[in-house]
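Data block below; observations after.
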């Protein structure tokens with residue numbers, strides 16, 4: 001029940017170098033490994049990059065993830081998000097068959113229920129080796145089927161960015177038709193937030209530093225021109241959100257900036273509203289005052305991706321609505337460094353993908 005990727009053979013991988021830096025990523029080979037009874041071998045076809053992957057490669061996650069190595073001391077293989085084809089299954093595997101199109105879940109131990117510290121230590125491309133390699137052995141519980149209408153490149157964008165947006169907005173935020181959603185930027189999570197909000201019948205207000213990207217939101221997703229805010233031209237964008245909502249504020253804010261934007265996000269959110277705290281994109285000092293959260297009775301919820309159950313629920317909605325992820329640019333496997341450099345430039349709109 002094997003293909004060209006067999007136990008005992010070698011597979012190409014990309015590892016972090018001894019010094020954390022994009023240009024220190026190294027291409028090498030590792031043993032393919034043998035399957036256990038409940039395991040599945042997946043030939044990776046596409047890997048998508050997240051801002052978190054960039055932080056790992058540049059060493060900013062070193063304290064959390066013991067530097068550039070796995071707990072076993074081997075150089076870390078980065079990237080959490082990959083999609084591919086099942087090419088070998090263990091004798092007790094029942095959830096998948098050879099030829100299935102699948103994607104790995106971000107935290108291999110988070111099947112359902114609440115997250116805990118132990119689950120957090122099963123995150124691909126951080127606590128354990130990631131998917132930037134020709135093939136990966138997964139426990140069968142750590143995989144989901146990719147929606148049939150999506151390519152491998154599109155399917156690879158789902159495990160982190162899409163599930164994060166789904167958890168924050170649908171599972172935790174419980175947005176509904178008629179709500180107003182504010183999202184910051186035009187990266188992977190933000191674009192999925194726009195798509196899910198539109199799918200649910202909500203209004204979307206988006207901030208960006210690029211008029212070109214805001215124009216694409218209008219053209220491709222039907223975001224109202226007046227609801228597109230260039231925060232460089234309008235640094236007091238929170239006040240503009242209040243003006244656009246009749247001083248009420250957004251019902252739900254997808255907060256991707258972190259300390260640098262939290263104060264404005266709280267100001268732009270309505271009394272009794274919800275803020276999904278997801279990213280750390282904005283640098284600089286913060287003037288965030290918790291009293292504003294208290295006085296406005298805002299629910300401030302940290303979002304760390306989501307479970308397999310959330311992923312599967314999201315995939316059903318994606319399949320029903322034939323939602324298509326936005327893939328900005330696709331790089332070859334041998335150009336992994338260029339892919340990370342492109343993402344670092346922040347020129348992308350949607351997702352950056354590496355094709356194997």
Could you check residue 206 against (1) part of a loop (DSSP other than H, G, I, E, B); (2) touching a helix residue (DSSP H, G or I) at 6+ places or on another chain (Cβ under 9 Å) and say which number it fails? (1)
Considering 258, 272, which residue is under 30 Å from residue 23 (Cβ atoms) and out of contact with any helix residue (DSSP H, G or I) (no Cβ under 9 Å at 6 or more places or on another chain)? 258
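Is the stretch 289-296 home to any residue that is over 15 Å from the mean Cα position of the chain (by Cα), part of a helix (DSSP H, G or I), at pLDDT 95 or above and surrounded by 16 or more Cβ atoms within 10 Å (Cβ to Cβ)? If you could, list the steps in order and put the result at the bottom.
Within the stretch 289-296, the subset over 15 Å from the mean Cα position of the chain (by Cα) is 289-296.
With the extra rule that they be part of a helix (DSSP H, G or I), the set shrinks to 290-295.
From the residues that got through so far, the ones that are at pLDDT 95 or above too are none.
The answer is no, given that none of the residues of the stretch 289-296 is over 15 Å from the mean Cα position of the chain (by Cα), part of a helix (DSSP H, G or I), at pLDDT 95 or above and surrounded by 16 or more Cβ atoms within 10 Å (Cβ to Cβ).
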What are the residues in the stretch 241-265 that are modelled with pLDDT of 95 or more, over 21 Å from the mean Cα position of the chain (by Cα) and at negative phi, if any? 241, 242, 243, 244, 245, 248, 250, 251
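Given the criterion closer than 23 Å to residue 314 by Cβ, buried (at least 20 other Cβ atoms within 10 Å of the Cβ) and in contact with a strand residue (DSSP E or B) (Cβ under 8 Å, 6 or more places away or on another chain), identify the matching residue among 139, 154. Steps first, answer last, please.
Values: 139 fails: buried (at least 20 other Cβ atoms within 10 Å of the Cβ).
Going through 139, 154 in turn, the sole match is 154.
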Just wondering, is there one or more residues in the stretch 299-318 that are more than 15 Å from the chain's Cα centre (by Cα) and in a loop (DSSP other than H, G, I, E, B)? no
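Would a scan of the stretch 249-260 turn up a residue that is surrounded by fewer than 16 Cβ atoms within 10 Å (Cβ to Cβ), assigned by TED's automatic domain parsing to the domain that holds residue 232 and free of Cβ contacts under 8 Å to residues at least 60 places away in the same chain?
Here is the first cut: in the stretch 249-260, the residues surrounded by fewer than 16 Cβ atoms within 10 Å (Cβ to Cβ) are 259.
Narrowing further to those that are assigned by TED's automatic domain parsing to the domain that holds residue 232: 259.
Still in the running and free of Cβ contacts under 8 Å to residues at least 60 places away in the same chain: 259.
So far as the stretch 249-260 goes, yes, one or more of its residues are surrounded by fewer than 16 Cβ atoms within 10 Å (Cβ to Cβ), assigned by TED's automatic domain parsing to the domain that holds residue 232 and free of Cβ contacts under 8 Å to residues at least 60 places away in the same chain.
Yes or no: the stretch 224-238 includes at least one residue that is under 21 Å from residue 325 (Cβ atoms) and surrounded by fewer than 23 Cβ atoms within 10 Å (Cβ to Cβ). Lay out the reasoning, then the answer.
We begin by selecting, within the stretch 224-238, every residue under 21 Å from residue 325 (Cβ atoms); these are 228.
This time we only want the ones that are surrounded by fewer than 23 Cβ atoms within 10 Å (Cβ to Cβ), so: 228.
Yes, that holds for at least one residue.
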The condition of being at pLDDT below 95, closer than 23 Å to residue 150 by Cβ and either within 14 Å of the chain's Cα centre (by Cα) or surrounded by 24 or more Cβ atoms within 10 Å (Cβ to Cβ) (or both) holds, among 84, 125, only for 125
Name every residue in the stretch 301-325 that is in contact with a strand residue (DSSP E or B) (Cβ under 8 Å, 6 or more places away or on another chain), modelled with pLDDT of 95 or more and surrounded by fewer than 20 Cβ atoms within 10 Å (Cβ to Cβ), in order of residue number. 312
With the requirement that a residue be free of Cβ contacts under 8 Å to residues at least 60 places away in the same chain and crowded, with 23+ Cβ neighbours inside 10 Å, what does the stretch 163-195 give you? 194
Please enumerate the residues belonging to the stretch 13-24 that are modelled with pLDDT of 95 or more and either under 16 Å from residue 343 (Cβ atoms) or over 24 Å from the mean Cα position of the chain (by Cα) (or both). 14
Looking at (1) surrounded by 18 or more Cβ atoms within 10 Å (Cβ to Cβ); (2) farther than 21 Å from residue 158 by Cα; (3) in contact with a helix residue (DSSP H, G or I) (Cβ under 9 Å, 6 or more places away or on another chain); (4) at pLDDT 95 or above, find the lone condition where residue 94 falls short. (1)
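The values are calculated or read from the model by the stated rules, or taken from the named source; none is laboratory data. On a predicted model such as this, the values are computed, not experimentally measured, just so you know. So basically every Cβ, Gly included, is an ideal-geometry build from the backbone, and we count neighbours across all protein chains shown.
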